[in-house]
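Colleague: Take a look at this one; I'll ask things after.
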Amino acid sequence: MNCHCCGGDYKKLSSNVFECNNCKHIYRMYEGNSIAYHRELYRNIERRDKKEIDLKGLIKPLFHQKRKKICKKRIEEITPYLTSIDKCLDIGGGAGTFANLLKDKVGSVECTELAPNLINELKRQGFIVYEEDFLKLEISKTYDVLFAWHVLEHIIEIQEFIKKAAFLTKRFFVLEIPTLKSLNGRGRERSLTDPSEVEYDGHAHYFSSQSLKILVEKFFKIIDFKEGIQSPSILVVLEKI
């Protein structure tokens with residue numbers, strides 16, 4: 001099996017976890033159906049906080065309250081790249097906390113989402129929602145700016161994801177991905193575990209700085225690359241080539 005980013009050889013770290021010898025990218029193999037997992041389990045059962053999402057799947061106000069501070073910081077970071085007429089697509093829009101803060105700063109915001117309860121909440125707030133795997137979406141229009149906040153690490157076919165993002169955007173693609181440790185090596189570190197041994201968190205990939213740059217360089221120019229808001233993570237602003 002070859003690296004999803006650079007094509008180099010993977011070495012096995014455990015039964016389902018592999019690291020690229022070249023770019024140090026890490027792939028965590030999930031043997032089930034990843035799309036079904038994210039649609040049916042990720043927010044509905046395994047990631048459900050009953051104070052945020054009730055037993056019927058309805059999103060409670062606390063869901064938005066707990067994410068509002070982070071989403072405000074995201075808005076602050078990306079405001080220099082926005083105009084008041086931009087058409088935007090938020091990939092994996094969740095329950096719409098970020099989209100709600102963004103909508104008054106741009107021309108329009110649409111979202112993609114898989115989890116039914118989150119889709120219902122997005123629709124309740126009046127957003128256009130594409131209810132399909134992003135790689136299978138058939139969208140005839142393009143957008144000025146795309147966003148993917150903590151989404152790319154959940155996608156197995158990451159090269160296809162980047163290629164499609166480049167096709168759909170006219171200007172910028174903004175993404176944030178979790179990392180095992182911060183760019184400066186300080187602060188909290190995430191432990192790397194075999195998804196066969198623990199409750200799977202949906203993360204198929206953990207990027208190194210090198211592997212992320214290799215992945216995007218064919219379609220985008222990197223104009224900002226720094227520690228993300230939800231540290232440890234990387235926040236990157238990409239400009240379409």
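Colleague: Name the one entry in 66, 51, 72, 12 that is of a type in the set (Lys, Arg), open to solvent by 90 Å² or more (accessible area, probe 1.4 Å) and assigned to a loop (DSSP other than H, G, I, E, B). Working first, answer last.
Modeller: On the way: 66 fails: assigned to a loop (DSSP other than H, G, I, E, B); 72 fails: assigned to a loop (DSSP other than H, G, I, E, B); 12 fails: assigned to a loop (DSSP other than H, G, I, E, B).
Just a single option satisfies the conditions, and that option is 51.
Residue-by-condition table, conditions (1) under 29 Å from residue 227 (Cα atoms); (2) modelled with pLDDT of 95 or more:
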residue	(1), (2)
49	yes, no
74	yes, yes
80	yes, yes
109	yes, yes
124	no, yes
128	no, yes
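Colleague: Here's another thing I want to ask about it. In region 19-31, is there at least one residue being open to solvent by 70 Å² or more (accessible area, probe 1.4 Å) and at pLDDT below 90?
Modeller: Within region 19-31, one or more residues are open to solvent by 70 Å² or more (accessible area, probe 1.4 Å) and at pLDDT below 90.
Colleague: Cβ-Cβ below 6 Å, separation at least six or inter-chain, first residue in region 142-160 and closer than 14 Å to residue 25 by Cβ, second modelled with pLDDT of 95 or more and open to solvent by 20 Å² or more (accessible area, probe 1.4 Å): which pairs?
Modeller: Qualifying pairs under 6 Å: 158/4.
Colleague: If you don't mind, another one. Mind listing whichever residues of region 150-201 are open to solvent by 20 Å² or more (accessible area, probe 1.4 Å) and assigned to a strand (DSSP E or B)?
Modeller: 170, 171, 172
Colleague: For residue 119, only one of the following conditions fails: (1) touching a strand residue (DSSP E or B) at 6+ places or on another chain (Cβ under 9 Å); (2) touching a residue at least 24 places away in the same chain (Cβ under 8 Å); (3) assigned to a helix (DSSP H, G or I). What is its number?
Modeller: All conditions are met except number (2).
Colleague: Still on this structure, I have one more. Test residue 139 against the stated conditions and say whether it is modelled with pLDDT under 95, of a type in the set (Val, Ile, Thr), over 24 Å from residue 227 (Cα atoms) and part of a loop (DSSP other than H, G, I, E, B).
Modeller: On the way: modelled with pLDDT under 95: yes; of a type in the set (Val, Ile, Thr): yes; over 24 Å from residue 227 (Cα atoms): yes; part of a loop (DSSP other than H, G, I, E, B): yes.
Judged against the criteria, residue 139 is a match.
Colleague: Then there is this: Restricting the search to region 122-135, which residues are in a helix (DSSP H, G or I) and either open to solvent by less than 70 Å² (accessible area, probe 1.4 Å) or touching a residue at least 12 places away in the same chain (Cβ under 8 Å) (or both)?
Modeller: Step one: list which residues in region 122-135 are in a helix (DSSP H, G or I), which gives 122-124, 134-135.
Listed by number, the residues that qualify are 122, 134, 135.
Colleague: What residue, among those in region 204-241 that are touching a strand residue (DSSP E or B) at 6+ places or on another chain (Cβ under 6 Å) and in a loop (DSSP other than H, G, I, E, B), is most open to solvent (accessible area, probe 1.4 Å)?
Modeller: 241
Colleague: Search region 76-97 for residues being in a helix (DSSP H, G or I) and among the charged types (D, E, K, R), and hand back the single one that is surrounded by the fewest Cβ atoms within 10 Å (Cβ to Cβ). Explain how you work it out, then say what you get.
Modeller: Pass one, region 76-97, residues in a helix (DSSP H, G or I): 76-81, 97.
If we keep only those that are among the charged types (D, E, K, R) as well, we get 76-77.
Values: 76: 10, 77: 17.
Across region 76-97, the extreme among qualifying residues is 76.
Colleague: Moving on. Can you confirm whether region 158-177 contains a residue that is out of contact with any Asp or Glu (no Cβ under 7 Å at 6 or more places or on another chain) and over 30 Å from residue 141 (Cβ atoms)?
Modeller: no
The values are calculated or read from the model by the stated rules, or taken from the named source; none is laboratory data. Note that the structure is a prediction, hence the values are computed from the model and not measured. When we count neighbours, we look across all protein chains shown, and the Cβ atoms used for this are built from the backbone with ideal geometry, even at glycine. All accessible areas refer to the heavy atoms of the entire protein, side chains included, with ligands and DNA or RNA removed. Shrake-Rupley method; radii C 1.70, N 1.55, O 1.52, S 1.80 Å.
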